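Student: Shown below is the structure under consideration.
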Amino acid sequence: MHELITLNHGSGGKASQDLIQDVFIKSFGGMNVALSDSAILQLPNNQIAFTTDSFVVDPIFFPGGDIGKLSVCGTVNDLAVSGAMPKYITASFIIEEGFSFQNLTQIVSSMQEQAEIANVKIVAGDTKVVQKGKCDKIFINTTGIGILDKDYSFISTGEKIESGHKIIINGFIGDHSIAVLGARNELGFKADVETDCACLNDLIQSVLKVGINVKFMRDVTRGGLATVLNELAETVNFGVELNEKNIPIRELVSGLCEVLGFDPLYLANEGKVLMVVHPDDADKAIEIMRNHTLGAESKIIGEITKEHPKIVVGKTEIGGSRIINMLQGEQLPRIC
């Protein structure tokens, strides 16, 4: 155990997992703590998906979005990837003394705009103001509730995954991280990339409602695609084979990663869903997703295998193979 919390513990990678297991699960484990994007709760007449999240992105405005848009999209997506229909959100604000009313109004307007797009209602909230220097501008905490059809209750667990199932992603990875990094003026040059931040519930429902045999979904955020796949492999005790040449990455993002020493597989996203589907349904799923604005670049990027259980192996563009581990450090703190 570390004696002090570091930025690595917020990365979504190995240090985050250790923190969750060693502190939170040890204390809350008896409460059936959810390790997926949402907890699935049984009520007398139906099931609900329930999630909570906090947003501390820096800067609070970035190309294509802001902390308000991010907070609603992130909450909606955590519910949607569990197979649920998002319905209600709460929003709590911690605001630093001296924060601009104009900026606050813009952030709240962004939240309402995304709520309308996602067809969810913001129904409750709280506001706290702290002294200057005790908070960095504004932090937002949300809670989300969605209605879950019992036929989809297994999606968040991955319990029905088998060898041969196909892995799909709905478009370019890494855009959000590069957009936020560029807005920090840390690149030394401008990156003409916007965040992929978007509410995915309509895209996801377009796949589910036609009966596509979806076995698992996950929101690809902190820790990136590599970390999500490692978590999945560990959970279901299967291996993952990733066809790296099929992973959609913008040429500009790929080039910047080479310059900056980043691996795009570990970059955060805010509008990407990873799906595992039955092989008989994979092509149909791709067809449906490509007909949606948020899925135009959808691709099959790999499959589940009995080989090398709990290990993610990438097939490189030059024909080689490499083991892709979970994110070990912090590439970009405060990315969401």
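The values are calculated or read from the model by the stated rules, or taken from the named source; none is laboratory data. Bear in mind that the values here come from a model prediction, so they are computed numbers and not experimental data. Glycine also receives a Cβ, built like all others from the backbone with ideal geometry; neighbour counts cover every protein chain displayed.
Student: Of everything in segment 241-273, what is among the polar types (S, T, N, Q) and more than 12 Å from Ile301 (Cα to Cα)? Give them in sequence order.
Tutor: Here is the first cut: in segment 241-273, the ones among the polar types (S, T, N, Q) are 243, 246, 254, 269.
Listed by number, the residues that qualify are Ser254, Asn269.
Student: Looking only at segment 178-215, filter to residues that are touching a His at 6+ places or on another chain (Cβ under 8 Å) and of a type outside the set (Val, Ile, Thr); which one of those is farthest from Gly271 (Cα to Cα)?
Tutor: Asn213
Student: Right, next: Please note which strands (runs of 3 or more DSSP E) are completely contained in segment 108-195 and include at least 2 residues that are more than 27 Å from Gly223 (Cα to Cα).
Tutor: 121-130
Student: A further question on this structure: If you check Leu225, Leu274, which single one turns out to be in contact (Cβ under 8 Å) with a residue 24 or more places away in the chain, at negative phi, assigned to a helix (DSSP H, G or I) and not charged (D, E, K, R)?
Tutor: Being in contact (Cβ under 8 Å) with a residue 24 or more places away in the chain, at negative phi, assigned to a helix (DSSP H, G or I) and not charged (D, E, K, R) holds for just one of Leu225, Leu274, which is Leu225.
Student: Okay, moving on. What is the number of the single condition among (1) at pLDDT below 95; (2) surrounded by 15 or more Cβ atoms within 10 Å (Cβ to Cβ) that Thr127 does not meet?
Tutor: (2)
Student: If we keep just the residues of segment 255-270 that are touching a residue at least 24 places away in the same chain (Cβ under 8 Å) and of a type outside the set (A, V, I, L, M), which is surrounded by the fewest Cβ atoms within 10 Å (Cβ to Cβ)?
Tutor: The residue in question is Asp263.
Student: Which condition does Ser110 not pass, out of (1) modelled with pLDDT of 80 or more; (2) loosely packed, with under 15 Cβ neighbours inside 10 Å, if it passes all the others?
Tutor: Going through (1) modelled with pLDDT of 80 or more; (2) loosely packed, with under 15 Cβ neighbours inside 10 Å one by one, Ser110 breaks only (2).
Student: Which of the residues that make up segment 98-140 are in contact (Cβ under 8 Å) with a residue 40 or more places away in the chain, out of contact with any Lys or Arg (no Cβ under 9 Å at 6 or more places or on another chain) and over 17 Å from Ser54 (Cα atoms)?
Tutor: Correct list: Gln106, Ser109, Ile117, Ala118.
Student: While we're looking at this one, here's another question. Among residues belonging to segment 228-250 that are outside any loop (DSSP other than H, G, I, E, B) and of a type in the set (A, V, I, L, M), point out the one that is surrounded by the most Cβ atoms within 10 Å (Cβ to Cβ).
Tutor: Here the residue is Val240.
Student: Can you name the residue in segment 194-221 that is buried (at least 24 other Cβ atoms within 10 Å of the Cβ) and among the charged types (D, E, K, R) and is also nearest to Ile60 (Cα to Cα) among such residues?
Tutor: Residue satisfying both the conditions and the ranking: Asp196.
Student: Okay, next question. Going through segment 277-288 one residue at a time, which ones are under 23 Å from Ser163 (Cα atoms) and either under 18 Å from the mean Cα position of the chain (by Cα) or assigned to a helix (DSSP H, G or I) (or both)?
Tutor: The answer is Pro279, Asp280, Asp281, Ala282, Asp283, Lys284, Ala285, Ile286, Glu287.
Student: Being out of contact with any helix residue (DSSP H, G or I) (no Cβ under 9 Å at 6 or more places or on another chain) and surrounded by 16 or more Cβ atoms within 10 Å (Cβ to Cβ) is the filter here; which residues of segment 285-336 pass it?
Tutor: Thr305, Val313
Student: Right, next: Look at Val273 and say whether it is more than 19 Å from Met326 (Cβ to Cβ), under 20 Å from the mean Cα position of the chain (by Cα) and either crowded, with 24+ Cβ neighbours inside 10 Å or hydrophobic (A, V, I, L, M, F, W, C) (or both).
Tutor: Working: more than 19 Å from Met326 (Cβ to Cβ): yes; under 20 Å from the mean Cα position of the chain (by Cα): yes; either crowded, with 24+ Cβ neighbours inside 10 Å or hydrophobic (A, V, I, L, M, F, W, C) (or both): yes.
So Val273 fits the description; yes.
Student: Given the structure, is Ser27 assigned to a helix (DSSP H, G or I), under 20 Å from the mean Cα position of the chain (by Cα) and not acidic (Asp, Glu)?
Tutor: Numbers: assigned to a helix (DSSP H, G or I): yes; under 20 Å from the mean Cα position of the chain (by Cα): no; not acidic (Asp, Glu): yes.
Spelling it out, it is not the case that Ser27 is assigned to a helix (DSSP H, G or I), under 20 Å from the mean Cα position of the chain (by Cα) and not acidic (Asp, Glu).
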